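Colleague: Next up is a structure, given as C-alpha cells.
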Amino acid sequence: MREIQASLITEAVKDLVMDTEYNIPEDFIQSIKRSVEKEESPIGKEILNEILKNAEVASKEKVAYCQDTGYPVFFIEVGQEVHITGGNIKDAVNEGVRKATKEGYLRASLAFDPIFERKNTGDNTPALIYFDIVPGNKIKIKFAAKGGGSENQSKQTMLRPADGIEGIKNFVLKCIANAGPNACPPFTVGVGIGGTFDYSAVLAKKALFRHIGERHPDPKIAAFEKELLELANQLGVGPLGFGGTTTAVDVKIEVAPVHIASLPVAVNIQCHAARHKEIEI
Amino acid sequence: MSETKKIKTPLTEDIIENLRAGDRVLISGYVYTARDAAHKRMIEEYEKTGKLPFDIKGQIIYYVGPTPPRPGQVIGSAGPTTAYRMDKYTPKLLELGLKGTIGKGWRGEEVKEALKRYKAVYFAAYGGTAALLSKHIKSVETIAYEDLGPEAVRKLYFENFPVIVANDIYGGDVFEEGQKKFRKLKV
C-alpha cells in the first residue's frame, strides 16, 4: 500500500486547474499555427492569429484564457494499491478547485440548482468527477475546464443499427454545422459511439483528452476520424463561424460494446479554449 | 470587409443606419453588462415596476460575465458569451430603446426582426479571446444585482473595443454571408 495525503491531492489539483486555465495545450497551439497557413478566409486567418495572441497573453500574464473558466470535469484513475490519508479524495479535489478559483482569479460559473433559483455556488464546486479503479499505486488526474458555450451545442442520439456509418456521419456533421459561431470554432470534436445512452456521452468527453492528430488505434476508426475531419472543414463554418476552411482541428472517436438493438452516438463540441491537462501522483 | 468605423456610445439612429453587417467597428464610451440571470431579473423587475436598473435608451449591452481582476487589473478576462440565450428578452429591451448588443453567435429570427423594427444593431466580438478584449475596458462599476456575482450588471468604459457588425437593420447577417462563401458541403 502506498499512502498519499489528501492535502497533496488538493495542492496538485489547485496547480493543475490554474495551469490549465492559463496555458492552452501546445499540441492545440501548433495545430492553430498550421491552420493559419491553410485558412482561405482573410478574416478567418486574422481570427486564428488573435487566438494565438490571446493564448500568449493569457500564459504570460497568468490570466484566464477565456472568461468562461468552465465546468471542472475530472477523470481520475486511482491505483488499487493507493491508500488516501487525512481526508477523502472527493473533498480533496473540490478543495483544490475552490483554492484555484480564489487564488487563480477564476470565474465562479456553476449554479447549484438548475431549475429554480440557479444560485451561483460561488467557488466552481462541486466538480464533476469520474473515478476509475486501476492496477498500480499511482493516481492519474485528468482535468478539463469545459466551457458552457460549446457544451450547449453538444448532442446525443440513439440511432438504429441500420443507420450505420452514414447515420453517424450525418448526425456528427449536422451537430458541427449547427454549433457554428455559437460554440467558438475551431472545434475539437469528441464522438462517443456505443455503450449506453449515458456512456456514449462520457466517451465523447473522454475523447477530447487525446492529443490533436493522435488517431484511434483501430485503423478503421482512425480512417473514419480523418474522413469526418475533412468533411467538417467543408461545412464553411470557419474560425468563430465567420466563414472559412478551419472549422475543426480534429475529430476523435471513442467506442464501446453496444446492445444489439442500439447505436448510441454522442458529440461533445470543444471550443478553441481547449483546456485539458493531466498529472500523475 | 470595409474600413474600420469608430463609434461612441450612446448610439443614435444616424450611427445605426451607417452600420452594415461585416463592418469592423471600434466602440468607445460606456456600455452595460448583462447575461442570463440579469436579463431574467431585469425583465421581471420591469414587468412589476416599469423600471430598469439603468436608462437603456441609446445604450449597448455587452453579454459578458468576466473573471475577477488580479490586483492591478481593471477587469479580469472578459470575452462575449453566446447571444441567443438572451433572445427571449432582447426584443422587449430593443422596444424600450436599447440600440446595441454585443455577443457571439447567431441571433434568432425574432431578434433579427426586432433589430429592423426598432433600428438597432447586434455586434459580434471574437469569442474566447477574453484576455485580449479585457485590455479595451478601462473602468468597471457594478450598478445592480451584485448578488449575481459574475452575472451582476456592470457599467464598463470601452476604449476602441473591437467588434464586427453581425446583424444590421437591413437584414444582413455576417455569419450566414461569410459561411456561404466557403460551404462546399450542406448537411
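Colleague: Identify the single condition in (1) outside any loop (DSSP other than H, G, I, E, B); (2) closer than 15 Å to residue B:89 by Cβ; (3) not β-branched (Val, Ile, Thr) that residue B:53 does not satisfy, given that it satisfies every other one.
Modeller: Answer for residue B:53: the failing condition is (1).
Colleague: Here is a list of conditions, (1) more than 12 Å from chain B (Cβ to nearest Cβ); (2) among the basic types (Lys, Arg); (3) over 21 Å from the mean Cα position of the chain (by Cα); (4) under 30 Å from residue B:179 (Cβ atoms), and residue A:33 meets all of them except one; can you say which number that is?
Modeller: (3)
Colleague: Being more than 9 Å from chain A (Cβ to nearest Cβ), at pLDDT 95 or above, surrounded by fewer than 23 Cβ atoms within 10 Å (Cβ to Cβ) and in contact with a strand residue (DSSP E or B) (Cβ under 9 Å, 6 or more places away or on another chain) narrows it down to one residue among B:168, B:173; which is it?
Modeller: Checking each option against the conditions leaves just B:173.
Colleague: Being over 30 Å from residue A:4 (Cα atoms), surrounded by 17 or more Cβ atoms within 10 Å (Cβ to Cβ) and more than 14 Å from chain B (Cβ to nearest Cβ) narrows it down to one residue among A:253, A:260, A:269; which is it? Steps first, please.
Modeller: Working: A:260 fails: surrounded by 17 or more Cβ atoms within 10 Å (Cβ to Cβ); A:269 fails: more than 14 Å from chain B (Cβ to nearest Cβ).
Going through A:253, A:260, A:269 in turn, just one is over 30 Å from residue A:4 (Cα atoms), surrounded by 17 or more Cβ atoms within 10 Å (Cβ to Cβ) and more than 14 Å from chain B (Cβ to nearest Cβ): A:253.
Colleague: Would you check if residue B:92 is out of contact with any Cys (no Cβ under 6 Å at 6 or more places or on another chain) and assigned to a helix (DSSP H, G or I)?
Modeller: Criteria met by residue B:92.
Colleague: Mind telling me which of the residues B:139, B:134 ends up being small (Gly, Ala, Ser) and away from every other protein chain (no Cβ under 14 Å)? It would help to see each step written out before you state the result.
Modeller: On the way: B:134 fails: away from every other protein chain (no Cβ under 14 Å).
Going through B:139, B:134 in turn, the sole match is B:139.
Colleague: While we're here: I'd like to check which strands (runs of 3 or more DSSP E) are fully inside the stretch A:108-196 and have at least 3 residues that are basic (Lys, Arg) and under 22 Å from the mean Cα position of the chain (by Cα).
Modeller: Working: elements: A:128-134, A:139-146, A:155-159, A:187-195.
It comes to A:139-146.
Colleague: Does residue A:69 fit the bill of being under 28 Å from residue A:244 (Cβ atoms) and either in the same structural domain as residue A:128 (by TED's automatic domain parsing) or assigned to a strand (DSSP E or B) (or both)?
Modeller: Judged against the criteria, residue A:69 is a match.
Colleague: Is it true that some residue in the stretch B:24-38 is over 17 Å from the mean Cα position of the chain (by Cα) and either in a helix (DSSP H, G or I) or within 29 Å of residue A:107 (Cβ to Cβ) (or both)?
Modeller: No, because not a single residue in the stretch B:24-38 is over 17 Å from the mean Cα position of the chain (by Cα) and either in a helix (DSSP H, G or I) or within 29 Å of residue A:107 (Cβ to Cβ) (or both).
Colleague: Let me ask something else. So in the stretch B:51-93, with the set limited to residues that are of a type in the set (Gly, Ala, Ser) and at the interface with chain A (Cβ under 7 Å from one of its Cβ atoms), which one is surrounded by the fewest Cβ atoms within 10 Å (Cβ to Cβ)?
Modeller: The residue in question is B:76.
Colleague: Could you please let me know if residue B:7 is β-branched (Val, Ile, Thr) and crowded, with 19+ Cβ neighbours inside 10 Å? Quick ask: steps written out before the conclusion?
Modeller: Details: β-branched (Val, Ile, Thr): yes; crowded, with 19+ Cβ neighbours inside 10 Å: yes.
Spelling it out, residue B:7 is indeed β-branched (Val, Ile, Thr) and crowded, with 19+ Cβ neighbours inside 10 Å.
Colleague: Let me ask something else. Given the options A:231, A:235, A:159, name the one that is within 9 Å of chain B (Cβ to nearest Cβ), farther than 21 Å from residue B:124 by Cα and not β-branched (Val, Ile, Thr).
Modeller: Matching residue, one of A:231, A:235, A:159: A:231.
Colleague: Let me ask you something else. Filter the stretch A:161-212 down to the residues that are without any contact (Cβ under 8 Å) to a residue 60 or more places away in the chain and of a type in the set (A, V, I, L, M), then identify the one that is nearest to residue A:251 (Cα to Cα).
Modeller: If we take residues in the stretch A:161-212 being without any contact (Cβ under 8 Å) to a residue 60 or more places away in the chain and of a type in the set (A, V, I, L, M), then A:165 is nearest to residue A:251 (Cα to Cα).
Colleague: Look through A:59, A:7, A:31 and report the one residue that is buried (at least 17 other Cβ atoms within 10 Å of the Cβ) and either small (Gly, Ala, Ser) or not assigned by TED's automatic domain parsing to the domain that holds residue A:84 (or both).
Modeller: Sole residue among the options that is buried (at least 17 other Cβ atoms within 10 Å of the Cβ) and either small (Gly, Ala, Ser) or not assigned by TED's automatic domain parsing to the domain that holds residue A:84 (or both): A:31.
Colleague: Okay, next question. Is one or more of the residues making up the stretch B:143-162 away from chain A (no Cβ under 14 Å), assigned to a helix (DSSP H, G or I), within 17 Å of the chain's Cα centre (by Cα) and in contact (Cβ under 8 Å) with a residue 40 or more places away in the chain?
Modeller: no
The values are calculated or read from the model by the stated rules, or taken from the named source; none is laboratory data. Note that the structure is predicted; figures quoted are calculated from it, not measured. Note: ideal-geometry Cβ built from the backbone for every residue, glycine included; neighbour counts use all protein chains shown.
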